[in-house]
1. Comparing Thr127, Thr37, Thr83, which has the greatest mean-square fluctuation in the GNM of the chain with Cα pairs linked when under 10 Å apart?
2. Per-residue HN-Hα couplings for the stretch 63-69, Karplus 6.51 cos²θ - 1.76 cosθ + 1.60 at θ = phi - 60°, whole Hz, x for Gly and Pro?
3. Please report, in whole Å, how far the alpha carbons of the chain spread along each principal axis, starting with the longest.
4. Tell me the mean residue ellipticity at 222 nm calculated for the chain from its helices only (DSSP H runs of n ≥ 4, each -39500 (n - 2.57), averaged over every residue, nearest 500).
5. For the stretch 175-248 and the stretch 31-106, what is the centre-to-centre distance using only Cα atoms, to the nearest Å?
6. Lysines near Lys5 by alpha-carbon distance under 20 Å, same-chain residues fewer than 8 away left out - which ones?
7. Please give the per residue volume of the convex hull enclosing the alpha carbon atoms of the stretch 90-144, rounded to a whole number of Å³.
8. Can you tally the net charge around Val171? Count Lys and Arg as +1, Asp and Glu as -1, for every other residue whose Cβ sits under 11 Å from the Cβ of Val171.
Amino acid sequence: MIELKSSEEIKKMQASGKVVSKVLKRMQLEVRPGVSTWHLDKIAEEVIRSCGAVPSFLGYGGFPGSICASVNEEVVHGIPSKTKILREGDIVGIDVGAYLDGFHADAALTIPVGKVASEAQRLLEQTQKSLNKAIELVKPGIHLGDISNMVETYATAGKLGIVRDYCGHGVGRKLHEEPCVLNYGPKGKGPILKEGMVLAIEPMLNLGGDEVEVLDNDWTVVTKDGSYSAHFEHSVAVTQNGHLILTA
Ligand code: MG
């Protein structure tokens, strides 16, 4: 069942979303060659707690970090580490969740480290575009599949691989709620969006093929062919006439 949120609850989720966007803004300032993903995690946790919120990911299913930091061929669920040092030309996906006053918000972006290759830059731009275009569609009466199809359309246009083993999700009192928001599929299918639904839409696109695997740490998802992967995400509420990006 897809839970509907009242406008009061959506206001609370917007407050959680503000914490998340504050962290992501700070991450854009902190990311540079020579910095470890552990450092990014510590800063992120500080910012979240300074807002009176709790990191949604810390301890979730045993996850050891406050953020996921996924470098280059890592798609999602990268574990922050002192030995993972960012180098010029890397790309790092930062995924953040914050829990405040009973509600989670969840967002991600992928940040270039210094100057990156033009192919990497193209991957980042096209993945962000696929998210933006999908969000533009969101309003009551469209099908969930319309969102999925829009991401797929931009992925295909950019000749990018689509991660099919992971999807976006509903978000609210729980970090992961129904429905699963696929990054591919036909339009006109799936549930019809209604006011009060909140979706975490999160394209994960690769410079190479679609296939991914999980590392021995049981968390980190990487592309099978070693190609770079990008991840962008926003928590988006369906409103009476359209949508509200809670993590903008
Ligand atoms: Mg998410």
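1. Per the Cα network of the chain with a 10 Å cutoff, Thr83 tops the list.
2. 5, x, x, 8, 10, 9, 10
3. 46, 42, 30
4. The helix-only estimate for the chain comes to -10000 deg cm²/dmol at 222 nm.
5. If we compute the Cα centre of each part, the gap is 18 Å.
6. List returned: Lys18, Lys139, Lys174, Lys194.
7. 106
8. Its environment carries a net charge of -3.
All of the numbers you see were taken from the coordinates with simple rules; none came from a lab. Keep in mind it's a predicted model, so treat the numbers as computed, not measured. FYI the Cβ positions are ideal-geometry reconstructions off the backbone, even for glycines, and counts take in every protein chain you see.
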